[in-house]
Amino acid sequence: MKFTDSPVIELPIRDAVLSIQQDNGSMHVGTSVWPCSLVLAKFVERWTPPLPAPTSTSTSNSNSNSNINNNDNNPYADLLDFRSERRRAIELGTGCGAAGMALYLLGLVDIVLTDISPVMPALKHNLKRNKPVLNKALKTSVLYWNNRDQIRSLNPPFDVVIAADVVYIEESAVQLLGAMEELVSDDGVVLLGYQLRSPEAHKLFWELCEKAFVIEKVPHEDLHPDYCYEEADVYILKKKKKENVD
Ligand SMILES: C[S@@+](CC[C@H](N)C(=O)[O-])C[C@H]1O[C@@H](n2cnc3c(N)ncnc32)[C@H](O)[C@@H]1O
């Protein structure tokens with residue numbers, strides 16, 4: 001997998017190509033595209049069931065079952081079948097919006113992309129830049145993980161919370177976990193692109209995480225073969241049922 005510090009990253013998603021412009025000179029980490037977001041996006045692309053082919057109104061032939069057959073061999077079919085039911089989604093620390101835009105293209109159409117105020121110009125620039133591909137102005141909102149009013153104003157719960165490369169400061173690990181817990185519904189899911197950035201933040205985040213969530217690490221062989229590398233992981237987090245919480 002090749003990453004580039006080129007100002008523009010191209011991310012192919014199904015038959016579209018997202019073009020994301022970075023501002024590597026900025027002092028904010030959110031104005032760069034971090035590789036975990038691409039790993040997460042391409043994992044989801046790999047396993048999200050394709051849209052059913054349009055069926056003729058007059059005939060229903062055996063081809064219409066091909067997706068069902070595919071889904072039988074797809075361990076993530078239910079989790080990532082964004083089209084079959086309405087799913088409200090939110091991305092935390094979206095940065096330039098790579099993962100959020102990709103998952104929108106994969107069917108997560110009711111999604112709000114969030115980050116801190118100084119990152120909003122880079123996010124909005126990239127949403128505008130990709131408008132011809134997205135065909136829609138995606139929703140954005142300023143959200144600091146420790147701001148309860150901002151969290152409440154987003155009207156949780158959400159069925160899907162996505163986040164990529166957001167665990168790198170020990171002090172904010174608690175806030176991030178708190179925000180995830182408040183935002184995700186009891187039967188919802190957090191899709192987390194992860195890379196170890198700080199041993200302290202890592203330790204605290206996972207200690208707290210296992211108290212609140214059932215943690216599933218996606219095997220590396222399930223990641224997209226062209227978008228994976230040793231240090232990057234995708235995790236699927238589901239809230240522990242109340243009686244299971246330690
Ligand atoms: C390493 S960047 C990852 C950006 C993007 N997810 C990606 O993978 O390209 C971490 C992101 O988390 C955001 N972030 C950090 N601390 C935050 C906080 N306390 N509240 C909200 N967002 C925060 C940053 O602004 C930044 O956009």
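When 69, 74 are screened for being modelled with pLDDT under 90 and surrounded by fewer than 20 Cβ atoms within 10 Å (Cβ to Cβ), only 69 passes. Within region 139-161, residues that are under 16 Å from residue 116 (Cα atoms) and touching a residue at least 60 places away in the same chain (Cβ under 8 Å) reach no partner that is aromatic (Phe, Trp, Tyr) and in a strand (DSSP E or B) with beta carbons closer than 8 Å at six or more positions or on different chains.
Inside region 80-104, can you point out the residues that are under 12 Å from the mean Cα position of the chain (by Cα) and farther than 25 Å from residue 174 by Cβ? Passing the criteria: 80, 97, 98, 101, 102, 103, 104. The requirement of being touching an Asp or Glu at 6+ places or on another chain (Cβ under 8 Å), under 16 Å from residue 158 (Cα atoms), buried (at least 19 other Cβ atoms within 10 Å of the Cβ) and hydrophobic (A, V, I, L, M, F, W, C) is fulfilled somewhere in region 109-119, by at least one residue. Look at residue 179 and say whether it is within 9 Å of the ligand (Cβ to nearest atom) and in a strand (DSSP E or B). When the stated conditions are applied, residue 179 does not pass them.
Among the residues of region 104-125, those identified as more than 12 Å from the ligand (Cβ to nearest atom) and touching a strand residue (DSSP E or B) at 6+ places or on another chain (Cβ under 8 Å) are 104, 105, 106, 108, 110, 111, 112, 124, 125. Candidates in region 40-49 are the residues that are under 11 Å from residue 99 (Cα atoms) and more than 9 Å from the ligand (Cβ to nearest atom); of these, the one that is surrounded by the most Cβ atoms within 10 Å (Cβ to Cβ) is 41.
The values are calculated or read from the model by the stated rules, or taken from the named source; none is laboratory data. Fair warning: this is a prediction, and the values are worked out from it, not measured in the lab. All Cβ positions, glycine included, derive from the backbone under ideal geometry; neighbour counts span all protein chains shown.
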